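Q: This is the structure I have questions about; it appears just below.
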Amino acid sequence: MSEHVLVSIAWPYASAKIHTGNVTGSHLPGDICARYHRLVGDQVLMVSGSDSHGTPITVRAEQEGKSPCEVFERFHLQFLEMFLRLGISYDLFTHTDTENHHRVSQDIFLALLEKDYLYKQTQEQMYSEVQERFLPDRYVEGTCPVCGYDAARGDQCDRCNTLLDPKDLINPRSKLDGSTPVVRETEHFFLDLPGLARAGLAEWLEQGKDHWRPNVINFARSYVGEGLQSRPITRDLEWGIPVPVPGWEGKCLYVWFEAVIGYFSASVEWSHNRGQPEAWKEWWYDPAAKTKYFIGKDNIPFHAVIWPAELMGVGRLYDDDPSNRLNLPYDVPANEFMNLEGQKISGSRNWAVWMDDALDRYDPDALRYYLTVAMPETRDTDWIWDAFVHRNNDELVATWGNLVHRALTFAYRRFDGRVPTPGPLSEADEGLLDQIAAGFGPVGQLLVGCKFRAAIGEVMALARAANRYLEEKGPWFQIKEDRQAAATTIYVALRAIDSLKVLFAPFLPFSSERLHQYLGYESKLFGRSYTATFEEEGGRVHEALCYDDSEATGEWKPSNLPPDQLLREPKPLFGKLDESVIEEELARIGTSGPAA
């Protein structure tokens, strides 16, 4: 039975380029999940966008002498192009500075205010006497009081992931000029997290979470169990979404509060763009719908605790049925971090593999494959250039690519460019086809459970089994004495490849689509990603990444490849990489900074 599956992917700050750690942390696992669920016939909505507000954008804008809008729009357009090239198939990748997101965020603020989950409170905050203004948390750096890291941000320590207040920092300093800020009072709205915990958040975290990753659910339960503290959801900053209360001019909604609302507002925007303004409710109000949030481990508190609290507090929005409640997260499969050659990724040191740069030199499926097999699902992992080259050459090329190319070129050249008609299948023939057909269930279950490394490992093991079959049968020898035996072997191999094509498709969509065409199909496995320009009612215009599934025909099931089907002339699916690539790439990192 078809399900509604909402795939929600962390919103990247539009203030820096996207690197391998960002992709393998959230965007790629979300895309693999979405592509699988589309293949099984589920109704998928995959959303995200550029986080256009917050201090990372304003800090960079001040450094460059540009407006925050100029900065975020530049990076947003880069994101759209990069995701297109990498095959991240967003139904909508928008941004948070749209009229729609402003309206939805303000409506959620007002709903929480009406239900008494927001209150005003005077707060002490860092103030720059040099700049004559309050400093947002990310404008303040210092030493973490928990782990001693001397470059902790005012909102969170990147080393131990502790959520902080700038006043918690030891020896705080202004990120802008290095001066020492002072403490002054300012008034803000606070989210009553203790009240929301008592209203059902703590109970919800204790029920039906067996499928959550242990690191996620254990952190969330501990975080709530230790006693939640109310958090300010407004700040003294003009760049952002204005607080929708008279007299609060010059203050905006805190980015941590409104960015997570993007999953909801993007769903609303997607529905509006399609001319079906109520369609989003299938994912947000149907209790059977499943919402999955793909994030990095530093975002666990916001997605496993604070966002569910916001949803609970609101209850329902834009719906008249008093029994409806907004769906809470079904799963939050947060990944750990990917490092680079044994060191933490650092943009300032250019110690990173930037995705747009990597796509200039490497096949997108080769990058997707390595980012999947090295995905940090349960522990931190490393991007190692030596491993990237050898995984490409030994697995993609030598195992899967070699199987495909040998069987297809043999069929194309020796059987008049058609799928050969088989004779009676032997036990070995049936055994291979049955083995691969039996793989759809277990691989599918691994994908449902967001165990992507294990899933692609199972698929590659089936490709090795098909290689062994082809090697043992030796159709290049059979054809010299028994053309029909060779025809049967190649037919079985092509059917096995046709099934493996589908099993690989969520991970390797580009090569799977090419292979689909080589096998003679006129249809397409997946839909088409494209960029579009949208104009809102107030006249604002923005670019977004979209997905059109109208021509997609792929199905998660074993092959039924018809004999005598006309093949297309095949080409190798993957290219072998020279060992010199390793030293060349190592020489690139840690040198000059990334291009803007």
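The values are calculated or read from the model by the stated rules, or taken from the named source; none is laboratory data. Please read these numbers as outputs of a predicted model, since none were measured by experiment. Every residue, glycine among them, receives a Cβ derived from its backbone with ideal geometry; neighbour counts consider all protein chains shown. Accessible surface areas use protein heavy atoms only, side chains included; no ligands, DNA or RNA. Shrake-Rupley method; radii C 1.70, N 1.55, O 1.52, S 1.80 Å.
Q: Could you check the range 188-208 and list, in sequence order, the residues that are charged (D, E, K, R) and more than 14 Å from S230 (Cα to Cα)?
A: E203, E206
Q: A further question follows. Would you please list the contacts, defined by Cβ atoms under 9 Å and residues six or more apart or on different chains, that run from a residue in the range 550-574 that is under 14 Å from L500 (Cβ atoms) to a residue that is hydroxyl-bearing (S, T, Y) and exposed (fewer than 12 other Cβ atoms within 10 Å of the Cβ)?
A: From residues that are under 14 Å from L500 (Cβ atoms), the pairs are G554/S523.
Q: With respect to the numbered conditions (1) surrounded by fewer than 23 Cβ atoms within 10 Å (Cβ to Cβ); (2) touching a residue at least 12 places away in the same chain (Cβ under 8 Å), which one is the sole condition not fulfilled by Y293?
A: Here Y293 meets the rest and fails (1).
Q: So, one more: Filter the range 147-160 for residues that are open to solvent by 10 Å² or more (accessible area, probe 1.4 Å) and touching a Leu at 6+ places or on another chain (Cβ under 8 Å); which is nearest to S174 (Cα to Cα)?
A: This residue is R153.
Q: Run V216 past the list (1) part of a loop (DSSP other than H, G, I, E, B); (2) β-branched (V, I, T); (3) under 30 Å from D97 (Cβ atoms) and report the number of the one that doesn't hold.
A: V216 satisfies every listed condition except (1).
Q: Tell me whether the range 244-265 contains one or more residues that are open to solvent by less than 10 Å² (accessible area, probe 1.4 Å) and in contact with a Lys or Arg (Cβ under 6 Å, 6 or more places away or on another chain).
A: Scanning the range 244-265 turns up no residue that is open to solvent by less than 10 Å² (accessible area, probe 1.4 Å) and in contact with a Lys or Arg (Cβ under 6 Å, 6 or more places away or on another chain).
Q: Residues in the range 322-334: is at least one surrounded by fewer than 16 Cβ atoms within 10 Å (Cβ to Cβ), closer than 29 Å to D192 by Cβ and more than 23 Å from the chain's Cα centre (by Cα)?
A: yes
Q: Also: Search the range 74-97 for residues that are on the phi > 0 side of the Ramachandran plot and pair each with any residue that is surrounded by fewer than 24 Cβ atoms within 10 Å (Cβ to Cβ) when their beta-carbon atoms are under 7 Å apart and the residues are at least 6 apart or on different chains.
A: Final answer for the pair search is G87/P364; G87/F510.
Q: Might you let me know whether the range 184-191 holds any residue that is assigned to a helix (DSSP H, G or I), closer than 28 Å to D116 by Cα and under 33 Å from the mean Cα position of the chain (by Cα)?
A: Within the range 184-191, not a single residue is assigned to a helix (DSSP H, G or I), closer than 28 Å to D116 by Cα and under 33 Å from the mean Cα position of the chain (by Cα).
Q: Taking helices (runs of 4 or more DSSP H) that do not extend beyond the range 435-503, which have at least 3 residues that are crowded, with 18+ Cβ neighbours inside 10 Å and within 24 Å of the chain's Cα centre (by Cα)?
A: 440-448, 452-473
Q: Give the residues of the range 164-180 that are open to solvent by 50 Å² or more (accessible area, probe 1.4 Å) and on the phi > 0 side of the Ramachandran plot, sorted by residue number.
A: N171, the sole residue that qualifies.
Q: When the residues of the range 1-24 are narrowed to those that are among the aliphatic types (A, V, I, L, M) and either outside any strand (DSSP E or B) or open to solvent by 10 Å² or more (accessible area, probe 1.4 Å) (or both), which ends up farthest from Q78 (Cα to Cα)?
A: Only one residue fits best here, namely M1.
Q: Quick one: what pairs do we get from the range 161-182, first residue under 21 Å from E64 (Cα atoms) and in contact (Cβ under 8 Å) with a residue 12 or more places away in the chain, second open to solvent by less than 40 Å² (accessible area, probe 1.4 Å) and among the small types (G, A, S), C-beta under 6 Å, 6+ apart or different chains?
A: If the second residue must be open to solvent by less than 40 Å² (accessible area, probe 1.4 Å) and among the small types (G, A, S), the pairs left are S174/S128.
Q: Taking the range 353-402 as the region of interest, how many residues are of a type in the set (K, R), open to solvent by 50 Å² or more (accessible area, probe 1.4 Å) and in a helix (DSSP H, G or I)?
A: 2
Q: Right, next: For the range 335-344, give me the residue count where each residue is surrounded by fewer than 21 Cβ atoms within 10 Å (Cβ to Cβ) and either under 23 Å from I217 (Cα atoms) or β-branched (V, I, T) (or both).
A: Selection size over the range 335-344: 2.
Q: Can you give me the ranges of the strands (runs of 3 or more DSSP E) entirely in the range 46-145 with at least 3 residues that are modelled with pLDDT of 95 or more, over 27 Å from G25 (Cα atoms) and open to solvent by 60 Å² or more (accessible area, probe 1.4 Å)?
A: 118-128
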